């Protein structure tokens, strides 16, 4: 570009070089020249400059305020969605509560009906054993509370924006397989009933990851994950001495995840949420109703 | 120093008053910001060069903002508003950078 200008003078390329090199308004130089040669122009005093500068500042401020006011509209939508999710979750919890009450009533009525006959009493015994085992009924008793939590967040850089944020290091995140391992360890140690994050586990309950959340029975649970298990006296010592406990104790020291065992005298576990009747057979064939 | 305070007062006024910008004015706001910044940087640079002139500053500020707005307005009417906005931002951006570099040379001698 410069050679072109050198040979042919102020041609079209000159416009761009002028733009790049002559960044100061040429009017300033001309005005300075006029001041040197002619009388000074006093009509444009400092007050006009100040007014212009204030207006310039006003434009900057208004633009900032306007941009800031416009940006949260997406944020507002998000917050509205969050509020709606929370409202519906609360409604779902209420309905769940009501379902549990009704289920307990049904169970009581069933007991009453069965215990009226001698034959029925044996059936009632069997039904209630199955109900406790399958998670249809809420249970309470002594047990173990295992708290698993993500490692404390560390300051890192956001991979998208590059801004410093607090984030849990990847090795310190509790995954669904971790909860599965703890739950399996508890079953193996002799647990009779387990709840994760307040969700009672039945034989068909899933613990899995969806996106960044862990779903237990399709309901999200968040760190710290509280796993409560009811079992006999041996449960606490057997789980504390298990491979699973040893492994997560090592993870606690290595990656900083939370892993905490507390034995409890009384744990109250709710009934499982999703217990549809899927299979039933006539009583006469010695195959009582099985619930899952 | 006083103009710096005036700029600050303007910014604070804009933030505190938080006037609602009418919808038809919204496309011009970013352009007005760039034009105002260009005039301010040009003024500071001229002052450091010892060339500052009140009349040139005020006239260049007002005309910068108006012309930039006019270009965007015409562009909107012609259906090339985005491209003309880009053109204005590029031209004024180059000037802002050039003036900022000159100011930097004045202030830091580097």
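The values are calculated or read from the model by the stated rules, or taken from the named source; none is laboratory data. Nothing here was measured: the structure is a model prediction, and the numbers come from that model. Note that we place each Cβ from the backbone using ideal geometry, even for glycine, and neighbour counts take in every protein chain shown.
Looking at this structure, is residue B:89 touching a helix residue (DSSP H, G or I) at 6+ places or on another chain (Cβ under 7 Å) and within 7 Å of chain A (Cβ to nearest Cβ)?
No, not satisfied.
State whether one or more residues within the range A:112-119 are without any contact (Cβ under 8 Å) to a residue 24 or more places away in the chain, in a loop (DSSP other than H, G, I, E, B) and not assigned by TED's automatic domain parsing to the domain that holds residue A:197.
Let us first name the residues in the range A:112-119 that are without any contact (Cβ under 8 Å) to a residue 24 or more places away in the chain, namely A:112-119.
Still in the running and in a loop (DSSP other than H, G, I, E, B): A:116-117.
With not assigned by TED's automatic domain parsing to the domain that holds residue A:197 added as a condition, the list becomes A:116-117.
Yes, the conditions are met somewhere in the range A:112-119.
From B:61, B:73, which residue is within 12 Å of the chain's Cα centre (by Cα), on the phi < 0 side of the Ramachandran plot and surrounded by 15 or more Cβ atoms within 10 Å (Cβ to Cβ)? Give the derivation first.
Details: B:73 fails: within 12 Å of the chain's Cα centre (by Cα).
Being within 12 Å of the chain's Cα centre (by Cα), on the phi < 0 side of the Ramachandran plot and surrounded by 15 or more Cβ atoms within 10 Å (Cβ to Cβ) holds for just one of B:61, B:73, which is B:61.
Scan (1) more than 9 Å from chain A (Cβ to nearest Cβ); (2) under 16 Å from residue A:50 (Cα atoms) for the single condition residue B:52 breaks and write down its number.
In the conditions (1) more than 9 Å from chain A (Cβ to nearest Cβ); (2) under 16 Å from residue A:50 (Cα atoms), residue B:52 misses (1) alone.
For the range A:218-233, which positions are farther than 20 Å from residue A:189 by Cβ and not in a strand (DSSP E or B)?
A:218, A:222, A:223, A:224
Filter the range A:200-214 down to the residues that are part of a strand (DSSP E or B) and touching a residue at least 12 places away in the same chain (Cβ under 8 Å) and list them by number.
Selection gives A:200, A:207, A:208, A:209, A:214.
Somewhere in the range A:155-167, is a residue at positive phi, touching a residue at least 40 places away in the same chain (Cβ under 8 Å) and either in contact with a strand residue (DSSP E or B) (Cβ under 6 Å, 6 or more places away or on another chain) or not in a strand (DSSP E or B) (or both)?
No, because not a single residue in the range A:155-167 is at positive phi, touching a residue at least 40 places away in the same chain (Cβ under 8 Å) and either in contact with a strand residue (DSSP E or B) (Cβ under 6 Å, 6 or more places away or on another chain) or not in a strand (DSSP E or B) (or both).
Got a number for residues in the range A:128-142 being in contact with a strand residue (DSSP E or B) (Cβ under 6 Å, 6 or more places away or on another chain) and part of a helix (DSSP H, G or I)?
1
May I ask you to list the residues in the range B:1-25 that are more than 7 Å from every other protein chain (Cβ to nearest Cβ) and more than 18 Å from residue B:42 (Cα to Cα)?
If the condition is that a residue be more than 7 Å from every other protein chain (Cβ to nearest Cβ) and more than 18 Å from residue B:42 (Cα to Cα), then B:16, B:17, B:20, B:22, B:23, B:24, B:25 are the ones that fit.
Name the residue, out of A:165, A:214, that is within 17 Å of residue A:273 (Cα to Cα) and either in contact with a helix residue (DSSP H, G or I) (Cβ under 9 Å, 6 or more places away or on another chain) or surrounded by fewer than 22 Cβ atoms within 10 Å (Cβ to Cβ) (or both).
Selected residue: A:214, the only one of A:165, A:214 that is within 17 Å of residue A:273 (Cα to Cα) and either in contact with a helix residue (DSSP H, G or I) (Cβ under 9 Å, 6 or more places away or on another chain) or surrounded by fewer than 22 Cβ atoms within 10 Å (Cβ to Cβ) (or both).
Tally time: how many residues in the range A:234-260 are assigned to a loop (DSSP other than H, G, I, E, B) and buried (at least 18 other Cβ atoms within 10 Å of the Cβ)?
Matching residues across the range A:234-260 total 1.
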